[in-house]
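Peer 1: Dumping the structure here so I can ask a few things about it.
The values are calculated or read from the model by the stated rules, or taken from the named source; none is laboratory data. Quick caveat, the model's predicted, so the values are computed rather than measured. Every residue, glycine as well, gets a Cβ built from its backbone with ideal geometry; the counts of neighbours run over all protein chains shown. Remember, those area values only see protein heavy atoms, side chains included, never the ligands or the DNA or RNA. Shrake-Rupley method; radii C 1.70, N 1.55, O 1.52, S 1.80 Å.
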Amino acid sequence: MIRIQNFIGGEFCAPVGGAYIVSVNPTTEDAYLEIPRSQSADVDLAAKAAAKAFPAWSARKIEDRAEILDRIAFGIEARRDELANAESADQGKSVSIAMSLDIPRAAHNFRFFAGAARHEVSVSAPLDSNTMSYVRREPIGVAGLISPWNLPLYLLTWKIAPAIVYGNTCIAKPSELTSHTAFILCEIMRDAGVPPGVVNLVFGLGAEAGQALVEHRDVPLISFTGGTVTGRKIAQAVAPQLKKLSLELGGKNPTIVFKDADLKKHMKMIVRSSFLNQGEICLCGSRIYVERGQDPTFYNAFVQEFVRETRALIVGDPTDRKTFMGPLVSRDHREKVQSYVELAQSEGLKLLCGGKIPASQPRGFFFEPTVFSVEAQHAARIQHEEVFGPVVTIAPFDSTDEVVAHANSTRYGLAASIWTESLTSAHATAARLHAGTVWINTWMARDLRMPFGGVKESGLGREGQLDSVQFFTEPKTICLRYD
Ligand code: TXE
């Protein structure tokens, strides 16, 4: 059993109350990690350490801070194997996906924001011949950063990097289900020269450590990624203190396939967009709409080919480099996914493949990649609620108006993908979708310079190059008369 500790003021320390939570490896079901069960007293210590570090850190030259971020990126790359194995043991993702996606993207987050901060310029404007204004962007103070379990290191670093490069200090609370790589990151940050107190990690439960962080009087901004129910609770908790808030929440993303889509080229990516990371990515497409019209040949061929590709996905031991899908993150989460499969069947959807625990994997929280077809059941709950697992539906459509109406019919609005060879269909449809990001003939290509976030119940605010500067700093206008 590995025991990890909080990281406060540059020191590893036990939680004040001395209690730990046991984290389970979802592949073996063995308890393998003990994480501090931190409470408000631990958050308070972290807030004091972060506040103490703030004046010196915010006064450092941007170039100094950026250089430290670059060193963190190198530190992550140097420990890539260790991080990928820890991420897989904690979350269930395949090691090969952690090696090619999570860990390199985590390093890239630091390198990207180091570069962005180096190139940041501020606005100035003359009012008349002897009056001018300019804007200073100032760090805010101690940032509270709360991250989920699906892409643990990637989403944590997406918050830490911009928070600190623009001069804030921070307290981060990773998910209690996946805390291991955050702990390793603390060592990397210390070795990279992050001064004590600039980044503090407090581990524990959402309702305890998370809630204490959100409510802390000396933490004026909160960046949260997680479920919509939790996001709503956090919005309520911060409202009385008028904190700055960014929420990246769930999705029920449509995948729209027109008849002229090049399936030879794109089918594998459409399947990947449905099941990557066991479908536990807020950006996964979970409702596939395929054009049918008068002649159903294209629709039927799509369904047949999609099911064939899904059946061919390798589900199993995530440490095997050939594995595409490992187990789901926890027993509770698998039960949630299973309950949606049962619900969909009771609502009349037709099961095309999957739908159960694989017979070859009696141990571990595995679940088969599952495909349903929808005819008229557009009101079924599975068409509207986030399952966050390897379950997708395929429904036919006859016109762009119809598919746009279905795509926009949920309370979510995070992402969508469109598959077509027609520029006109692609752009005209993209413009009509309620979504923060629309991909055309690709999926999950992330340009960090672009705004990222959702509309409706998928979130509040955006993060990305310009958006993160705006979120993690406050502008101050200075107006000067010099005659
Ligand atoms: O996430 P939570 P859960 C969706 C997905 C999933 C559902 C619930 O549908 O099935 O959310 O997942 C911390 N104050 N997504 O319950 O609770 C918690 O400790 C402060 C989508 O596992 O949202 C963790 O660090 N913090 C999503 C983080 O919030 C609190 C990724 C996320 O946990 C808290 C994950 C509180 N009161 C789940 N309660 C995405 N958008 O990518 C919990 N937390």
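Peer 1: Within the set of pairs 6+ apart or on separate chains, which have a first residue in the stretch 317-337 that is open to solvent by 70 Å² or more (accessible area, probe 1.4 Å), a second that is small (G, A, S) and assigned to a helix (DSSP H, G or I), and C-beta atoms under 9 Å apart?
Peer 2: These pairs meet every condition: T319/S88; T319/A89; R321/S96; K322/S96.
Peer 1: Go through the stretch 210-222 and give me each residue that's open to solvent by less than 20 Å² (accessible area, probe 1.4 Å) and assigned to a loop (DSSP other than H, G, I, E, B).
Peer 2: Hit for the stretch 210-222 is V219, nothing else.
Peer 1: Next question. Just the residues that are near the ligand (Cβ under 7 Å from one of its atoms) and without any contact (Cβ under 8 Å) to a residue 60 or more places away in the chain, please, taken from the stretch 186-214.
Peer 2: Matches in the stretch 186-214: A207, Q211.
Peer 1: What are the pairs with Cβ atoms under 9 angstrom where one residue, in the stretch 36-48, is more than 10 Å from A212 (Cβ to Cβ) and the other, located anywhere, is open to solvent by 70 Å² or more (accessible area, probe 1.4 Å) and of a type in the set (A, V, I, L, M, F, W, C)? Sequence gap at least six, or different chains.
Peer 2: Matching pairs, first to second residue: L45/V16.
Peer 1: Search the stretch 288-303 for residues that are over 14 Å from I270 (Cα atoms) and pair each with any residue that is part of a helix (DSSP H, G or I) when their beta-carbon atoms are under 6 Å apart and the residues are at least 6 apart or on different chains.
Peer 2: Close Cβ pairs (under 6 Å, with a partner that is part of a helix (DSSP H, G or I)) amount to R292/Y299.
Peer 1: Right, next: Identify, please: which residue in the stretch 132-156 is among the hydroxyl-bearing types (S, T, Y) and either over 24 Å from V95 (Cα atoms) or in contact with a Leu (Cβ under 7 Å, 6 or more places away or on another chain) (or both) and is, among those, most open to solvent (accessible area, probe 1.4 Å)?
Peer 2: Only one residue tops the list, namely Y134.
Peer 1: Of the residues that make up the stretch 151-171, is at least one assigned by TED's automatic domain parsing to the domain that holds S96, over 15 Å from the mean Cα position of the chain (by Cα), within 9 Å of the ligand (Cβ to nearest atom) and part of a helix (DSSP H, G or I)?
Peer 2: The answer is no, given that none of the residues of the stretch 151-171 is assigned by TED's automatic domain parsing to the domain that holds S96, over 15 Å from the mean Cα position of the chain (by Cα), within 9 Å of the ligand (Cβ to nearest atom) and part of a helix (DSSP H, G or I).
Peer 1: Let me ask something else about it. Could you tell me which residue of the stretch 304-316 is most open to solvent (accessible area, probe 1.4 Å), considering only residues that are closer than 29 Å to T178 by Cα and in contact (Cβ under 8 Å) with a residue 40 or more places away in the chain?
Peer 2: Filtering the stretch 304-316 for residues that are closer than 29 Å to T178 by Cα and in contact (Cβ under 8 Å) with a residue 40 or more places away in the chain, the one most open to solvent (accessible area, probe 1.4 Å) comes out as R311.
Peer 1: While we're on this one: Can you confirm whether the stretch 223-244 contains a residue that is within 22 Å of T437 (Cα to Cα), more than 17 Å from the chain's Cα centre (by Cα) and surrounded by 18 or more Cβ atoms within 10 Å (Cβ to Cβ)?
Peer 2: no
Peer 1: Can you tell me how many residues in the stretch 338-378 are part of a strand (DSSP E or B) and open to solvent by 30 Å² or more (accessible area, probe 1.4 Å)?
Peer 2: 3
Peer 1: It is to be established whether one or more residues within the stretch 232-250 are closer than 25 Å to F110 by Cβ, within 12 Å of the ligand (Cβ to nearest atom) and part of a loop (DSSP other than H, G, I, E, B).
Peer 2: Looking through the stretch 232-250, at least one residue is closer than 25 Å to F110 by Cβ, within 12 Å of the ligand (Cβ to nearest atom) and part of a loop (DSSP other than H, G, I, E, B).
Peer 1: Give just the number: which of (1) within 11 Å of the ligand (Cβ to nearest atom); (2) hydrophobic (A, V, I, L, M, F, W, C); (3) surrounded by 24 or more Cβ atoms within 10 Å (Cβ to Cβ); (4) assigned by TED's automatic domain parsing to the domain that holds A163 does C282 not satisfy?
Peer 2: Just one mismatch for C282, condition (4).
Peer 1: For the stretch 215-231, enumerate the residues that are over 19 Å from T157 (Cβ atoms) and more than 8 Å from the ligand (Cβ to nearest atom).
Peer 2: Listed by number, the residues that qualify are E215, H216, R217, D218, V219, P220.
Peer 1: Another question, if that's okay. Scan the stretch 433-448 and tell me whether some residue there is open to solvent by 30 Å² or more (accessible area, probe 1.4 Å), closer than 16 Å to I256 by Cβ and over 24 Å from the mean Cα position of the chain (by Cα).
Peer 2: No - not one qualifying residue is present in the stretch 433-448.
Peer 1: Also, quick follow-up: How many residues, within the stretch 178-209, are outside any helix (DSSP H, G or I) and surrounded by fewer than 23 Cβ atoms within 10 Å (Cβ to Cβ)?
Peer 2: 5
Peer 1: Further question on the same structure: Would you tally the residues in the stretch 394-421 being more than 16 Å from the ligand (Cβ to nearest atom), in contact (Cβ under 8 Å) with a residue 40 or more places away in the chain and open to solvent by less than 30 Å² (accessible area, probe 1.4 Å)?
Peer 2: The number of residues fulfilling the criteria is 10.
Peer 1: With under 26 Å from Q91 (Cα atoms) and assigned to a helix (DSSP H, G or I) as the only criterion, which of I68, I72, I35 stands out?
Peer 2: So the residue among I68, I72, I35 that is under 26 Å from Q91 (Cα atoms) and assigned to a helix (DSSP H, G or I) is I72.
Peer 1: While we're looking at this one, here's another question. In the list S246, S330, which residue meets the criterion of being polar (S, T, N, Q) and touching a helix residue (DSSP H, G or I) at 6+ places or on another chain (Cβ under 6 Å)?
Peer 2: None of the other options fit; the residue is S246.
Peer 1: Shifting gears a bit: Search the stretch 379-388 for residues being of a type outside the set (G, A, S) and open to solvent by less than 60 Å² (accessible area, probe 1.4 Å), and hand back the single one that is nearest to the chain's Cα centre (by Cα).
Peer 2: Only one residue fits best here, namely F388.
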